Each structure stands twice: as structure tokens, then as C-alpha cells.
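Shown next, in C-alpha cells, is the structure this report addresses.
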Amino acid sequence: MKLHFIATIFVASILFIACNTTKKATAEVEPTKPEATEFWTPVPNVVKPGNSNGQAPADAIVLFDGNNFGEWEHLDGSAVKWTLNDGAVTVQPKAGDIRTKRSFGSCQLHIEWRTPSVVKGTSQGRGNSGIFFQERYELQVLDNYDNPTYTNGQASSIYKQTRPLVNACKGPGEWQTYDAIYTAPVFDAQGKKIKSGMITVLHNGVLTQLNTEIQGTTEYIGWPKNVAHGEAPFKLQDHGDLVSYRNIWVRRL
Ligand code: MG
């Protein structure tokens, strides 16, 4: 009986090794025809790109086109009290942050921003605002043109976490762009984070964050926190400075 059991295990092991060897061998057979490495399906969707740099592609959700605040509200759900002028929305100091009515997870974001042409203040007190992914993770907006501050608080930093690769700021009063690719963090059923959020950012077309791990929530004081959440709105920060935004669109990934 014991011998029979050992023999069964032996045969099973041989079969297992044989199967895996065959599989591996198949995968490693070098193709001899070009067609062997041409895959025709599935076919990517056709997306009509914008006509100009930064214009929304056909499959984007336009969050702000300069005409109204239809996609936005304050954090208490009230109507937006920021100002609408010349196709741009400008922070109304003390009115509070605004956020999108819709929620998002992993996405591609395009947003344009401008700090005041009249320079006032220094360091974090100059042209400060911010774009929060999923209401929690801040991509810093700051007039960082010839304005020293802590590096992980610079424009295009993941605030209080990761400094930008370079400082690609334009001057005060000039329109600037962020193009970001964001993958949301993943939590298990117990609420434990099993995969961090990641972000790649182009600031004025210059790479400033490459596959940067988001360590957790943006905290002004203390370390990042990780509490489970699902899709959530974008939030724009009222930091008391007259920062403007325009041409905001997002593509779900
Ligand atoms: Mg900020």
C-alpha cells in the first residue's frame, strides 16, 4: 500500500515536470515567420484626438470648458462661489475647496493653471493651490518660478511626499499645463492597501513624476495615511491665492 502511494506520487511528479517543460518549451520556441508575432485582436478603440495641444479627445469627460460650474460643487454640496471669467475659474479666497460631482478612479487628467501675475508672498505663500486625486492625494500647484520652498512642496510635487524630477515652472501669470496618468490604490476586503496609487506627470510637457508611488493621503502635519476608499472626486484647493484653472478634462482608464 505504501509502495503504491510512493509510486503514484512519483508518476504524478514526472507528469507535472513533463507538462511544465512542454509549456515552457512552447513559449520559448523562436518564431521563424513575422506573422507569428503579429496580434490582430483585440483592436484598440478609435479615439479622435483634440485638434490642438491640450484639447479634449472625443472620449474625455470635460470637467470644465470655461462656460459653467456644472461639474463642480463645494465640499458641502453648495454651488461654486469661485469666479468665472474669460473661460477660466479662479479661486475665491475663503470660499473653500471645490470638487467634481462625479467620482473617479484610475484616469488620465489634463488641467491648465495660472498663478497671479502680481507676485505676492514667498515659498508656500505664493500662488498656492492644488489638485487632489480622489480627494486625498495632492499634486501641488504653486508659483515656483524663482521661489525657493521645500522640495516636496514644489509645483508638481506629490505634496509632502515626492519632489518633482525638475522644476518646469513658467512665470507668474502664464498658463501652465499638467498631464497626469494616475492609477488608483487597491484595498482588500479588510481595508488593507494591497497596491499603492501611482502617478506620472508632465508639467508643461516636461516629465516631473515618473511612476511615482503615492504613499498615502496628503497630510500637512504627519505621515501619509492609508484608509480604504472607492472612486472619489477631484478636488481643487482654496489656499487663499488667486490661482486660476481652465480646460480640465479626464479620461477613465
Ligand atoms: Mg497646495
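The values are calculated or read from the model by the stated rules, or taken from the named source; none is laboratory data. Here the structure is a predicted model, which means the values were calculated and not measured. Methodologically, a virtual Cβ is constructed for each residue, glycine included, from the backbone with ideal geometry; neighbour enumeration extends over all protein chains shown. We work out accessible area using only protein heavy atoms, side chains counted, and drop any ligands, DNA or RNA first. Shrake-Rupley method; radii C 1.70, N 1.55, O 1.52, S 1.80 Å.
Is at least one residue of the stretch 92-100 within 11 Å of the ligand (Cβ to nearest atom) and farther than 24 Å from H229 by Cα? Checking the stretch 92-100: not a single residue is within 11 Å of the ligand (Cβ to nearest atom) and farther than 24 Å from H229 by Cα.
Can you tell me which of E231, E135, E213 is over 23 Å from P116 (Cβ atoms), within 16 Å of the ligand (Cβ to nearest atom) and open to solvent by 20 Å² or more (accessible area, probe 1.4 Å)?
Working: E231 fails: within 16 Å of the ligand (Cβ to nearest atom); E213 fails: within 16 Å of the ligand (Cβ to nearest atom).
Being over 23 Å from P116 (Cβ atoms), within 16 Å of the ligand (Cβ to nearest atom) and open to solvent by 20 Å² or more (accessible area, probe 1.4 Å) holds for just one of E231, E135, E213, which is E135.
Checking every residue in the stretch 106-125 against the condition of being among the small types (G, A, S), open to solvent by less than 40 Å² (accessible area, probe 1.4 Å) and more than 16 Å from the ligand (Cβ to nearest atom) gives at least one match. For the stretch 144-154, does any single residue satisfy the condition of being open to solvent by less than 20 Å² (accessible area, probe 1.4 Å) and touching a residue at least 40 places away in the same chain (Cβ under 8 Å)? No, the conditions are met nowhere in the stretch 144-154.
State yes or no: is T218 in the same structural domain as D86 (by TED's automatic domain parsing), in contact with a Gly (Cβ under 9 Å, 6 or more places away or on another chain), crowded, with 17+ Cβ neighbours inside 10 Å and among the polar types (S, T, N, Q)?
Here the answer is yes, as T218 does meet what is asked.
Annotation: of all residues in the stretch 138-187 being within 13 Å of the ligand (Cβ to nearest atom) and of a type in the set (S, T, N, Q), the one that is farthest from V250 (Cα to Cα) is T149.
Residue-by-condition table, conditions (1) more than 29 Å from D59 (Cβ to Cβ); (2) assigned to a strand (DSSP E or B):
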| position | (1), (2) |
| --- | --- |
| Q92 | yes, no |
| E112 | no, yes |
| G127 | yes, no |
| I131 | no, yes |
| P148 | yes, no |
| A168 | no, no |
| D179 | no, yes |
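Report every pair of residues separated by at least 6 positions or lying on different chains whose Cβ atoms are under 6 Å apart, first residue within the stretch 174-192 and outside the structural domain of Q134 (by TED's automatic domain parsing) and farther than 30 Å from A88 by Cβ, second aliphatic (A, V, I, L, M) and assigned to a loop (DSSP other than H, G, I, E, B). Matching pairs, first to second residue: none at all.
Any idea how many residues of the stretch 53-75 are under 19 Å from G240 (Cβ atoms) and either out of contact with any strand residue (DSSP E or B) (no Cβ under 7 Å at 6 or more places or on another chain) or loosely packed, with under 14 Cβ neighbours inside 10 Å (or both)? Of the residues in the stretch 53-75, 1 are under 19 Å from G240 (Cβ atoms) and either out of contact with any strand residue (DSSP E or B) (no Cβ under 7 Å at 6 or more places or on another chain) or loosely packed, with under 14 Cβ neighbours inside 10 Å (or both).
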